[in-house]
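In what follows, a single structure is set out as structure tokens and then discussed.
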Amino acid sequence: MVFSSHIFLFGFLPLALLFYYAAPPRARSLVLTLESYVFYGWWNPWFTLLMFASTLIDYVCGHFICRDGATHRQRKAAMIASVCSNLAILGFFKYALFFSENFSSVATVFGLGAVEMPAFLGQIVLPVGISFYTFQSMSYAIDLYRGHAARAKSFIDFACYVSMYPQLVAGPIVRYGTVAEQLRTRRHSLPDFVAGFTRFNYGFAKKILLANPMGRLADLAFEAGSPGAPVAWAGLLSYALQIYFDFSAYSDMAVGLGRMMGFRFPENFNSPYQSTSLTEFWRRWHISLSTFLRDYLYIPLGGNRMGSARTYLNLLLVMLIGGLWHGAQWTFVIWGGLHGLVLALERLGKNVLRVSLPKPAGWAATTLVVLSGWVFFRSPDLSTALTYFGSLFGHDGMTGSREILEAVFFTPLNLIQLSVFAAVAWFLPNTGRFLREVRPWKAGLGIALLFVSVRVMGLQGFNPFLYFQF
């Protein structure tokens, strides 16, 4: 189930909160864990076995890392076992088919003949949120090995950490050390519950009232193939707004749900479209992923400590892997490579050439790079992406049907929505800042937004969550 659904809002969530608060304080982590497994198993009950296996492996590895008398070599072996097991799970379910298909293509190109792929690879179903919870679970063993976290006091605490339904399937990626104390004892209060409920309401409204209308327009443009420049640019803007509001909304709801149960999750968004450089963008967009890649990949690769050329290479490698993390398609790899290349160029300009763009020019350049990247991110394959780029720059393959598409796309309502929603994303403060202090009128507005959103949701036939596919 998804947060923006009737079954979650009027079925699962009220019952989950009822059982959670009815349980004795010492049993609440167990209750939350069981509820999270019900939530996750709603799509496919078998997926819960995979998550449990990942949780058990990392808990056992953590035990060996912290075992009294363990040598450095034994501790390192346990940490490597955790990392390898998580990457193996992720690699099999998410990348086995991708690498098999590409291996077969390379073999054909080099005259080695067609390589027949095992039939079962085409039947693999990608478990929802596997990229998030494997990264989160894996970070526990790494942090224990580095001495950045203390071992979980019980298996229930660790299972609760991995499976918490508010942030299970789309983040934020929470470090164990961030919530370790909260897992053992956390503060519950009416003001915190109201603040969390209000944050959830704003996120819910953002998803239904902002992200979904933009998604409908984005699909109309991208599925047209070659829609012509006006619709192509408007469709690209629509997708940029859809993915922003979609992921931002989920993050708001995750933070809000966590706070309703006494947890303080880290913020995952900080008005990224207001950035004046791509470096700043990645400090603001999907903050938990960018810090994960920095701490667990960029810095171990050498970061910026091994000379300029190695720094640029590290940036490129990290973003290529970050792109592949989002999906097993070359379009995601190209998206990551584009961002890595621009990050390297920014570092070159700042540290070597000693030049930087004025803020307005930096904002415009960053926005153009981000929008260009979204073309690859949204397109199912490279051919579709290149065709769409052609439309952006004037190639029109629709001829007679272009006027019909423009008439359907550029209605007064759609133009107003595009303008207002773009202003919200690019110029207004984010929800976290707005709700830093929850006053009665803000809480009341949140309830009104929830009521309106529920009514609108009943009329919508379009309600995807983009980041669930990752």
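The values are calculated or read from the model by the stated rules, or taken from the named source; none is laboratory data. Bear in mind the structure is a predicted one, so any value in this text is a computation, not a measurement. Every residue, glycine among them, receives a Cβ derived from its backbone with ideal geometry; neighbour counts consider all protein chains shown.
Residues in region 262-274 that are surrounded by fewer than 22 Cβ atoms within 10 Å (Cβ to Cβ) and outside any helix (DSSP H, G or I): Gly262, Arg264, Pro266, Glu267, Asn270, Ser271. Per the conditions (1) out of contact with any Phe, Trp or Tyr (no Cβ under 7 Å at 6 or more places or on another chain); (2) buried (at least 20 other Cβ atoms within 10 Å of the Cβ); (3) of a type in the set (Ser, Thr, Tyr), the sole criterion not satisfied by Ser248 is (1). Residue check: is Leu415 without any contact (Cβ under 8 Å) to a residue 12 or more places away in the chain, within 13 Å of Gly235 (Cα to Cα) and surrounded by fewer than 16 Cβ atoms within 10 Å (Cβ to Cβ)? Criteria met by Leu415. Checking every residue in region 305-328 against the condition of being buried (at least 22 other Cβ atoms within 10 Å of the Cβ), free of Cβ contacts under 8 Å to residues at least 24 places away in the same chain and not assigned by TED's automatic domain parsing to the domain that holds Glu403 gives at least one match. Scan region 360-367 and tell me whether some residue there is small (Gly, Ala, Ser), within 20 Å of Asp219 (Cβ to Cβ), surrounded by fewer than 18 Cβ atoms within 10 Å (Cβ to Cβ) and assigned by TED's automatic domain parsing to the domain that holds Tyr239. Looking for residues that are small (Gly, Ala, Ser), within 20 Å of Asp219 (Cβ to Cβ), surrounded by fewer than 18 Cβ atoms within 10 Å (Cβ to Cβ) and assigned by TED's automatic domain parsing to the domain that holds Tyr239, one finds none in region 360-367, hence no. Annotation: Val194 fulfils all but one of (1) modelled with pLDDT of 95 or more; (2) within 20 Å of Phe377 (Cα to Cα); the unmet one is (2). Among the residues of region 401-452, those that are more than 24 Å from the chain's Cα centre (by Cα) and basic (Lys, Arg) comprise Arg402, Arg439, Lys442. Of the residues making up region 412-436, those that are within 13 Å of Pro213 (Cα to Cα) and of a type outside the set (Gly, Ala, Ser) number 8. Screening Leu382, Leu415, Leu428 for residues that are assigned by TED's automatic domain parsing to the domain that holds Ser248, under 20 Å from Tyr202 (Cβ atoms) and in contact with a helix residue (DSSP H, G or I) (Cβ under 9 Å, 6 or more places away or on another chain) leaves exactly one candidate, Leu428.
Val169: in contact (Cβ under 8 Å) with a residue 12 or more places away in the chain and in a helix (DSSP H, G or I), yes or no?
For Val169, the condition - in contact (Cβ under 8 Å) with a residue 12 or more places away in the chain and in a helix (DSSP H, G or I) - is not met.
Residue pairs whose Cβ atoms lie under 7 Å apart, separated by 6 or more positions or on different chains, with the first residue in region 39-50 and without any contact (Cβ under 8 Å) to a residue 40 or more places away in the chain and assigned by TED's automatic domain parsing to the domain that holds Ile89 and the second surrounded by 13 or more Cβ atoms within 10 Å (Cβ to Cβ) and of a type in the set (Ser, Thr, Tyr), are Gly41/Thr48; Thr48/Tyr37; Thr48/Tyr40. For the criterion of being modelled with pLDDT of 80 or more, surrounded by 12 or more Cβ atoms within 10 Å (Cβ to Cβ) and out of contact with any Asp or Glu (no Cβ under 9 Å at 6 or more places or on another chain), Leu97 fails. I'd like to check something: does region 344-355 contain any residue that is part of a helix (DSSP H, G or I), in contact with an Asp or Glu (Cβ under 7 Å, 6 or more places away or on another chain) and of a type outside the set (D, E, K, R)? Among the residues of region 344-355, not one is part of a helix (DSSP H, G or I), in contact with an Asp or Glu (Cβ under 7 Å, 6 or more places away or on another chain) and of a type outside the set (D, E, K, R), which makes the answer no. Contact map, region 273-287: first residue of a type outside the set (S, T, N, Q), second residue crowded, with 21+ Cβ neighbours inside 10 Å and assigned to a loop (DSSP other than H, G, I, E, B), Cβ cut-off under 8 Å, separation 6 or more or different chains; pairs are Arg284/Phe269; Trp285/Phe269; His286/Gly171; His286/Asn268; His286/Phe269; Ile287/Pro172; Ile287/Asn268; Ile287/Phe269.
Pairing each residue of region 426-445 that is assigned to a loop (DSSP other than H, G, I, E, B) with any residue that is of a type in the set (D, E, K, R), provided the two are 6+ apart or on different chains, yields C-beta distances under 7 Å for Leu435/Arg199; Leu435/Lys442.
Output the residues belonging to region 178-198 that are closer than 22 Å to Trp285 by Cα and surrounded by fewer than 20 Cβ atoms within 10 Å (Cβ to Cβ).
Taking region 178-198 as the starting set, the residues that turn out to be closer than 22 Å to Trp285 by Cα are 178-179, 196.
Hit for region 178-198 is Thr178, nothing else.
Yes or no: Arg187 among the basic types (Lys, Arg), modelled with pLDDT under 95, more than 19 Å from the chain's Cα centre (by Cα) and farther than 30 Å from Asn44 by Cβ? Answer is yes for this residue.
Scoring Tyr161 on the criteria (1) surrounded by 22 or more Cβ atoms within 10 Å (Cβ to Cβ); (2) in contact (Cβ under 8 Å) with a residue 60 or more places away in the chain leaves a single failure, condition (2). Selection of region 3-16 for residues being outside any helix (DSSP H, G or I) and either surrounded by 19 or more Cβ atoms within 10 Å (Cβ to Cβ) or in contact with a helix residue (DSSP H, G or I) (Cβ under 6 Å, 6 or more places away or on another chain) (or both) yields Phe3, Ser4. Within region 17-42, being among the small types (Gly, Ala, Ser), over 13 Å from Leu168 (Cβ atoms) and crowded, with 16+ Cβ neighbours inside 10 Å holds for one residue alone: Ser29.
Among the residues of region 435-456 satisfying the criterion of being under 30 Å from Leu371 (Cα atoms) and modelled with pLDDT of 90 or more, which is surrounded by the fewest Cβ atoms within 10 Å (Cβ to Cβ)?
Restricting attention to region 435-456, the residues satisfying the condition of being under 30 Å from Leu371 (Cα atoms) are 435-436, 449, 453, 456.
Among the residues that remain, those that are also modelled with pLDDT of 90 or more are: 435, 449, 453, 456.
On the way: Leu435: 22, Leu449: 19, Ser453: 23, Val456: 14.
Checking each candidate, the answer is Val456.
Restricting attention to region 17-35, the residues that are touching a Phe, Trp or Tyr at 6+ places or on another chain (Cβ under 8 Å) and more than 11 Å from Leu183 (Cα to Cα) total 2.
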